[in-house]
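Scroll down for the structure; my scribbles are underneath it.
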Amino acid sequence: MSNEIRHWVRAGILVILLVTHHSLLVTAQPISIALKDSSFALLCTDSTNWNEAWIEIDGAMPGAKALGVTDLVVSGRDRVAEVLSVDSIGAKYKSHLALSFVLDNSGSMFHAYDSLTKYCDSMIAGLPPGVSAQVVTFDNAARTENHLYTRRASVFIAQSGFRDSLAPLRAFWHFYDTIRTQYTPLYDAIAAAATNIHERRSMHRDAARSDVLLVITDGDDNASRTSIETLKELLSVEHLRLFAINFRTEADNRLQWLARHTGGKLFVADGLSSLRSQLRKIGLSLTREYHVTYRFPSLGPSSGFH
């Protein structure tokens, strides 16, 4: 028996084609491994055989429980396998996650932004290889051609663009630790991140990546050209999931509404310790590796399948 799987689909459903050799007869046997809750994440099978598979989940709901034997359905033609075990480890192999950071570095974040970026350093250090990421934040000067205008003449959107190496992200967000503005063009920043995702997908044809936006802010938007309704439409068209952390503020109902409509979630951190904990929790849950074993009912000695 031989197989090679490198295939991604949305909604957590992966169809696997196993080719078995019996005498001189070659038979194609389709196997489907699916999540019962297809909104949970994207699912990838790195390798598989008739008895077991390695499954990687990208973009899982932060805080979601680890998968168990009752969460997966393994089937082949008209047969359903019994899932015997599902063992979870932190993903360490190549991931198809694409992570977009939107960081609020307005003046009210002055005493917290340096800590925030250090927490982000730790978060990305724990991600498996293969993650592509970008950073979008604010600036008080139009420094590059990539800087975007907002509704305020003195406030701009700064963006790193997608990087396959995570080291440049650290340099980018630590540089903007020195930038302060009293305005928060949050919706424009999220829209810029979504536009970059669309352009990356079009240019590199990697729409199979699991795109997650992670927004950290301590205030309401007060400088954007983009409305939240337009933002919702943009995220919906691109099928993007948004998670947000409100830092030292009550839950922003508009941001919560936006996260809910994208299948994401809003978190609240009341201090630096809570902020670090929330980021660590999200980072651990975004990509997870599972080893799954299962058993199909026997077709009998004359079936031609092993």
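Computed from the coordinates by the stated procedures, all read-outs in this text should not be read as laboratory data. Quantities reported herein were computed from a predicted structural model and do not represent experimental measurements. A quick note on method: Cβ atoms are made from the backbone with ideal geometry, for glycine too, and the neighbour counts reach across all protein chains shown.
Each Cα pair under 8 Å and six or more residues apart adds its separation to the average, and for segment 124-190 the resulting relative contact order is 39 percent. For helix 186-204, what angle does its Cα long axis make with the longest principal axis of the chain, in degrees from 0 to 90 and rounded to 10? The answer is roughly 40 degrees. Between the listed residues 44, 111, 282, the Cα displaced farthest toward the positive end of the dipole of the chain, a dipole computed from Cβ unit charges relative to the Cα centre, is found at 44.
Angle of helix 113-125 to the longest C-alpha principal axis of the chain, folded into 0 to 90 degrees and rounded to 10: 20°.
Just for the chain, what percent of DSSP beta bridges are antiparallel, to the closest 5? Expressed as a percentage, antiparallel bridges in the chain total about 65. Compared with the dominant principal axis of the Cα atoms in the chain, helix 272-286 is inclined by about 30°.
Checking (i) 21.9, 77; (ii) 24.4, 82; (iii) 30.2, 106 against the coordinates, the calculated Rg and Dmax of the Cα atoms in Å falls under label (i). Considering only 141, 80, 202, and ranking their Cα positions along the charge dipole of the chain that arises from unit charges at the beta-carbon of Lys, Arg, Asp and Glu, the one farthest toward the positive end is 80. Any chance you could check the Cα centroid distance between segment 201-244 and segment 256-279 for me, in angstrom? What the calculation gives is 15 Å, centre to centre. Over the chain, Cα pairs under 8 Å with separation of 6+ residues give a relative contact order of 23 percent. Charged neighbours of residue 226, selected by a Cβ distance under 12 Å, balance to -1 (K, R count +1; D, E count -1). About its Cα centre, the chain has a charge dipole of approximately 100 debye under the convention of +1 per Lys or Arg Cβ and -1 per Asp or Glu Cβ, with nothing else charged. Of all the options 123, 203, 109, the one that moves most in a Gaussian network model of the chain with Cα springs shorter than 10 angstrom is 203. Report summary: the helix-based calculation at 222 nm, which adds -39500 (n - 2.57) for every DSSP H run with n ≥ 4 and divides by the residues of the chain, gives -8000 deg cm²/dmol. Judged by the ratio a/c of the largest to the smallest principal axis of the C-alpha gyration tensor, segment 73-212 counts as prolate, that ratio being 1.5 or greater while a/b is larger than b/c. Going down the list 94/118; 118/232; 118/281; 65/94; 92/281; 65/281, which pairs span over 18 Å between their C-alpha atoms? Too far apart for the 18 Å limit: 94/118; 118/232; 65/94.
Can you tell me which of 148, 43, 214 moves the most in a GNM of the chain? Springs connect C-alpha atoms under 10 Å apart. Most flexible of the set in this elastic network: 148.
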